[in-house]
1. Quick one: is residue 6 closer than 25 Å to residue 134 by Cβ and at pLDDT 95 or above?
2. Do any strands (runs of 3 or more DSSP E) lying entirely in segment 69-181 carry at least 3 residues that are over 24 Å from residue 39 (Cα atoms), and which ones are they?
3. Of (1) under 15 Å from the mean Cα position of the chain (by Cα); (2) within 19 Å of residue 60 (Cα to Cα); (3) surrounded by fewer than 19 Cβ atoms within 10 Å (Cβ to Cβ), residue 88 satisfies all except one. Which?
4. Scan segment 142-169 for residues that are surrounded by 15 or more Cβ atoms within 10 Å (Cβ to Cβ) and closer than 20 Å to residue 91 by Cβ and jot them down.
5. Go through segment 117-141 residue by residue and tally those that are closer than 22 Å to residue 69 by Cα and either surrounded by 13 or more Cβ atoms within 10 Å (Cβ to Cβ) or outside the structural domain of residue 173 (by TED's automatic domain parsing) (or both).
6. Quick one: how many residues across segment 20-56 are more than 18 Å from residue 84 (Cα to Cα) and in a strand (DSSP E or B)?
7. Look through 65, 50 and report the one residue that is assigned by TED's automatic domain parsing to the domain that holds residue 155, at pLDDT below 95, under 30 Å from residue 153 (Cβ atoms) and more than 14 Å from the chain's Cα centre (by Cα).
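The values are calculated or read from the model by the stated rules, or taken from the named source; none is laboratory data. Predicted, not measured: the structure shown is a model, and the values here were computed from it. Every residue, glycine as well, gets a Cβ built from its backbone with ideal geometry; the counts of neighbours run over all protein chains shown.
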């Protein structure tokens with residue numbers, strides 16, 4: 001494939017979570033086009049599994065969807081350099097009050113590769129201990145527990161539509177299935 005080159009980048013809007021850029025690109029035939037880029041510093045998420053196998057999920061209002069969702073605990077990195085495992089532990093504690101005795105990377109996803117560079121590292125958290133949750137001042141979050149089968153059914157019936165949550169739960173279910181073989 002011939003090379004595509006960025007020949008310019010212009011900041012269109014700076015947000016609290018993302019920055020929006022307009023890139024001028026040169027195609028292999030010399031034609032110039034403009035492409036959008038949503039720049040995101042990254043995020044971390046966690047699948048918290050209790051000793052009895054139930055998974056802790058958070059319920060919160062999401063403005064983009066104008067409704068509550070059921071998701072795995074997650075949040076943006078404080079800085080691009082913040083280790084994602086530490087961010088995952090922070091989000092678990094903030095949103096549920098639980099701490100993890102064991103954390104293991106489950107997968108890494110890119111949410112919308114056509115126009116956004118967001119990467120979310122997703123971890124499996126076990127050996128959980130209950131504490132006090134302390135969400136961010138603009139977060140109103142409740143947590144609930146479900147079996148993996150209940151959550152897979154919520155995916156099948158479109159109740160869960162969040163991509164990071166779907167990826168994480170399917171990866172975890174696959175891991176459980178592999179362990180039973």
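1. Details: closer than 25 Å to residue 134 by Cβ: no; at pLDDT 95 or above: yes.
It is false that residue 6 is closer than 25 Å to residue 134 by Cβ and at pLDDT 95 or above.
2. Values: elements: 74-76, 99-110, 119-129, 141-146.
The strands (runs of 3 or more DSSP E) meeting that bar are 99-110, 119-129, 141-146.
3. (3)
4. Going residue by residue through segment 142-169, those that are surrounded by 15 or more Cβ atoms within 10 Å (Cβ to Cβ) are 143, 145-146, 148, 151-152, 154-155, 160, 162, 164-169.
Within segment 142-169, 143, 145, 146, 151, 160, 162, 164, 165, 166, 167, 168, 169 meet the criteria.
5. Adding up the residues that qualify gives 12.
6. Restricting attention to segment 20-56, the residues satisfying the condition of being more than 18 Å from residue 84 (Cα to Cα) are 20-38, 49-56.
Those left that are additionally in a strand (DSSP E or B): 20-26, 32-38, 49, 55-56.
Residues flagged as more than 18 Å from residue 84 (Cα to Cα) and in a strand (DSSP E or B) within segment 20-56 amount to 17.
7. Numbers: 50 fails: at pLDDT below 95.
Exactly one residue qualifies, and that residue is 65.
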